[in-house]
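Read through the structure below, which is laid out as structure tokens, and then see the notes.
The values are calculated or read from the model by the stated rules, or taken from the named source; none is laboratory data. Computed from a prediction, not measured in an experiment: that's the story for all the values here. No Cβ is skipped: glycine too gets one built from the backbone with ideal geometry, and neighbour counts run over all protein chains shown. Calculation scope for accessible area: heavy atoms of the full protein, side chains included, ligands and nucleic acids excluded. Shrake-Rupley method; radii C 1.70, N 1.55, O 1.52, S 1.80 Å.
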Amino acid sequence: VQLFDNDLFKELTTLVLEDNDSLSKQSTYRALTQQQRILNIVLLKKLALRTIAEYYEQMDYRDRVIRFFYKILISIQSNELQLIAYESIEKIFTGHQNDQLRLRFVESYLQQISFYDNEKPLLSPQVAQTLFYLSKLSPVSFDERPCEQILNLIRKLMQTIAQTFRAAFDAQNQYYKTCLTLLELIATLPNSSRKIIESLTILILKFDKHL
């Protein structure tokens with residue numbers, strides 16, 4: 001993409017954000033099975049994302065492209081599309097001259113994420129995955145405070161999971177999936193202090209005994 005085409009940008013972003021079920025009802029897909037429709041739609045959306053990513057070289061539109069990719073991270077329930085969005089943001093920020101931009105981007109969006117709602121765990125598996133991608137973009141943005149917030153959230157999630165799983169174990173439980181992602185996240189953060197890691201270890205051991 002040599003020049004930014006506003007109409008094309010709108011069409012591509014609309015396509016990516018469009019519900020799969022709505023797209024599958026279009027006449028283009030009538031001859032296909034439901035599974036084939038979804039596979040084709042996901043492929044089309046992946047191509048659309050990669051096309052949008054090419055706009056990043058045009059500085060006047062880079063912020064607009066970055067904001068869109070963050071929206072994909074936070075709102076699209078597709079691991080494949082989330083990964084492309086992360087890879088595209090990483091590509092945009094590649095290079096020493098973009099270190100400060102990368103830092104501002106991650107810290108800005110990190111501040112917008114709510115961990116609790118009336119003391120109840122609020123993070124969905126998708127938002128937890130977004131946190132994980134943000135940590136890969138800028139690990140140093142996760143200082144001691146967000147590390148402690150994540151630890152406290154894991155503690156509350158484990159309490160909820162332990163109560164829920166007394167009857168039956170469910171690997172698809174949303175709290176369980178969120179907790180797994182956060183455990184992987186906090187284990188990789190360079191600013192996770194020894195105290196936090198020790199607290200996390202004790203927490204996991206207690207959780208295991210409780211189950």
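Things worth noting here:
- Residue match in region 58-77 (condition: assigned to a helix (DSSP H, G or I) and in contact with a Lys or Arg (Cβ under 9 Å, 6 or more places away or on another chain)): no
- The set of residues from region 186-209 being open to solvent by less than 40 Å² (accessible area, probe 1.4 Å), under 22 Å from TYR133 (Cβ atoms) and among the small types (Gly, Ala, Ser) comprises just one member, SER192.
- Test: residue in region 150-168 that is aliphatic (A, V, I, L, M), part of a loop (DSSP other than H, G, I, E, B) and over 16 Å from the mean Cα position of the chain (by Cα): yes
To keep it simple, each residue is scored yes or no on (1) open to solvent by less than 80 Å² (accessible area, probe 1.4 Å); (2) in a helix (DSSP H, G or I); (3) in contact with a strand residue (DSSP E or B) (Cβ under 7 Å, 6 or more places away or on another chain); (4) closer than 22 Å to VAL65 by Cβ.
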{"position": "ASP7", "(1), (2), (3), (4)": "no, yes, no, yes"}
{"position": "LEU12", "(1), (2), (3), (4)": "yes, yes, no, yes"}
{"position": "SER22", "(1), (2), (3), (4)": "yes, yes, no, no"}
{"position": "THR28", "(1), (2), (3), (4)": "no, yes, no, no"}
{"position": "LEU32", "(1), (2), (3), (4)": "yes, no, no, no"}
{"position": "ARG37", "(1), (2), (3), (4)": "yes, yes, no, no"}
{"position": "LEU44", "(1), (2), (3), (4)": "yes, yes, no, yes"}
{"position": "ALA48", "(1), (2), (3), (4)": "yes, yes, no, yes"}
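- Inter-residue pairs, beta-carbon under 6 Å, first over 11 Å from LEU200 (Cβ atoms) and in region 151-165, second open to solvent by 60 Å² or more (accessible area, probe 1.4 Å), 6+ apart: LEU157/TYR175; THR160/TYR175; ILE161/TYR175; ALA162/HIS210
- Remark: pairs (first residue in region 15-42, modelled with pLDDT of 85 or more; second residue among the β-branched types (Val, Ile, Thr); Cβ separation under 7 Å; 6+ apart in sequence or on different chains) = VAL16/ILE72.
- All of VAL16, VAL42 fail the test of being in contact with a Lys or Arg (Cβ under 6 Å, 6 or more places away or on another chain) and of a type in the set (Val, Ile, Thr), apart from VAL16.
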